[in-house]
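First the structure, in the form of structure tokens, and then the observations on it.
The values are calculated or read from the model by the stated rules, or taken from the named source; none is laboratory data. Please read all numbers here as calculations on a predicted model, not as lab measurements. All Cβ positions, glycine included, derive from the backbone under ideal geometry; neighbour counts span all protein chains shown.
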């Protein structure tokens, strides 16, 4: 009896997932770019939830449509696919181009950080430290305490204590009233580390 009930539950879940996919496809075709973005995820990062086989080529198709429709999460996801050669040929230049779109137009912190690291490290592009630092600063200026802390770490590694302390301080200040910091043990520990760095480096 238990096996029968479990089997029925699986069938219901599968039918529900298929129904959601069908609805997303219908909406995407009708021009709902958020549905196109979600469809990309259904064949990529959310494939388990939608009970699909991971299919990067399908994901790319939907992400591309959504990115053109100014859903910048899809631009970020395309950048990742190019970065790791998933469903497309690996191409760091194209990866950076899509991360730039996600950062410059969509203000996505993760993309700004990645572009910054690629320019400062000369990864996939000609090294341009000033440009890379500008992107890393932008990721902090968008309002991410974590990005400010990472930028502080970049300056600390470069032996620039004054700049490092400034960005650690920004990270510390931002995290005080951030529920993602105060209600998350792992984030809170990272944040405290940034705050501690301020006194050490002054």
Query - Where a residue in segment 70-89 is without any contact (Cβ under 8 Å) to a residue 12 or more places away in the chain and its partner, wherever it lies, is surrounded by fewer than 24 Cβ atoms within 10 Å (Cβ to Cβ), with Cβ under 7 Å and at least six apart - result: 84/90
Query raised in the report: Looking at (1) at pLDDT below 95; (2) within 26 Å of residue 94 (Cβ to Cβ); (3) out of contact with any helix residue (DSSP H, G or I) (no Cβ under 8 Å at 6 or more places or on another chain), can you tell me which one residue 200 breaks?
Result: (2)
Requested in this report: Could you tell me whether segment 21-30 includes any residue that is at pLDDT 95 or above and under 17 Å from the mean Cα position of the chain (by Cα)?
Outcome: no
Report task. Report yes if some residue within segment 150-170 is touching a helix residue (DSSP H, G or I) at 6+ places or on another chain (Cβ under 7 Å) and within 25 Å of residue 45 (Cβ to Cβ); otherwise report no. Result -> yes
Requested in this report: Among the residues of segment 154-191, count how many are more than 23 Å from residue 107 (Cβ to Cβ) and surrounded by 21 or more Cβ atoms within 10 Å (Cβ to Cβ).
Outcome: 1
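Here is a yes/no grid of residues against (1) farther than 19 Å from residue 115 by Cα; (2) over 16 Å from the mean Cα position of the chain (by Cα):
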residue: 33; (1), (2): yes, yes
residue: 37; (1), (2): yes, no
residue: 49; (1), (2): yes, yes
residue: 54; (1), (2): yes, yes
residue: 61; (1), (2): yes, yes
residue: 66; (1), (2): yes, no
residue: 82; (1), (2): no, no
residue: 85; (1), (2): no, yes
residue: 92; (1), (2): no, yes
Query raised in the report: In segment 110-153, how many are surrounded by fewer than 19 Cβ atoms within 10 Å (Cβ to Cβ) and either assigned to a helix (DSSP H, G or I) or on the phi < 0 side of the Ramachandran plot (or both)?
Result: 17
Report task. Determine whether segment 169-177 contains at least one residue that is over 30 Å from residue 54 (Cα atoms) and assigned to a loop (DSSP other than H, G, I, E, B). Result -> yes
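Given the options 100, 65, name the one that is farther than 21 Å from residue 143 by Cα and either at pLDDT 95 or above or assigned to a helix (DSSP H, G or I) (or both). Full working, then the answer.
Details: 100 fails: farther than 21 Å from residue 143 by Cα.
Going through 100, 65 in turn, the sole match is 65.
If you check 57, 90, which single one turns out to be modelled with pLDDT of 95 or more and not in a helix (DSSP H, G or I)? Spell out how you get there, then give the answer.
Numbers: 57 fails: not in a helix (DSSP H, G or I).
After applying the criteria, what remains is 90.
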